[in-house]
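Data first, discussion second: the structure below is written as structure tokens.
Any read-out appearing in this document is the output of simple, stated calculations on the displayed coordinates, not a laboratory observation. Please read all numbers here as calculations on a predicted model, not as lab measurements. Cβ: placed from backbone, ideal geometry, glycine included. Neighbour counts: every protein chain shown.
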Ligand SMILES: [Zn+2]
């Protein structure tokens, strides 16, 4: 199970809509709980590093961008708990490519963007033997308003 701040859920949807018809991607920052649950309190948008024509169905995060995101997270006392990306005009289900490029323990949020509108958002975790993704339940948290 993953708990995602409501504001961050809408940021991921909006990022997917903004980059449509291309895929967007980014990091989810937060912390790992001792019981294995993940908490997402912040998202870190990353540009899609692929060539224009490949952006529609492949996402890639450059190592230096990942490092920059990890550094940013560390400075805020957060961990990278997962990645998110969008599927323009495709369901919010990871592709075979996504499976081949996934890391264990991270959560993968996929946003389905149809005709420029985010219509679905699901979170997935890879089976440790890398055979498949399992959908994981998303709990939505609402952060307290700051004075
Ligand atoms: Zn994908």
Relative contact order (percent) for the chain, with alpha-carbon contacts under 8 angstrom and 6 or more residues of separation?
28
Roughly speaking, what is the stretch gain from residue 3 to residue 33, that is 0.36 nm per residue apart minus the C-alpha to C-alpha distance, in nm to one decimal?
9.8 nm
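How much FRET efficiency would the formula 1/(1 + (r/R0)^6) give for residue 10 and residue 135, where r is the Cβ-Cβ distance and R0 is 22 Å, rounded to 0.05?
Calculated transfer efficiency: 0.60.
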Can you compute the FRET efficiency between residue 79 and residue 117 using 1/(1 + (r/R0)^6), with r the Cβ-Cβ distance and R0 = 25 Å? Round to the nearest 0.05.
0.20
For the stretch 79-147, percent of DSSP beta bridges that are antiparallel (nearest 5) comes out at 65
For residue 47 paired with residue 18, estimate the spin-label separation in nm (one decimal), with each label point 7 Å from Cα along the Cα-to-Cβ line.
1.3
Can you tell me how the chain classifies by the Cα gyration tensor, rounded, prolate or oblate, using a/c under 1.5 as the rounded cut?
rounded
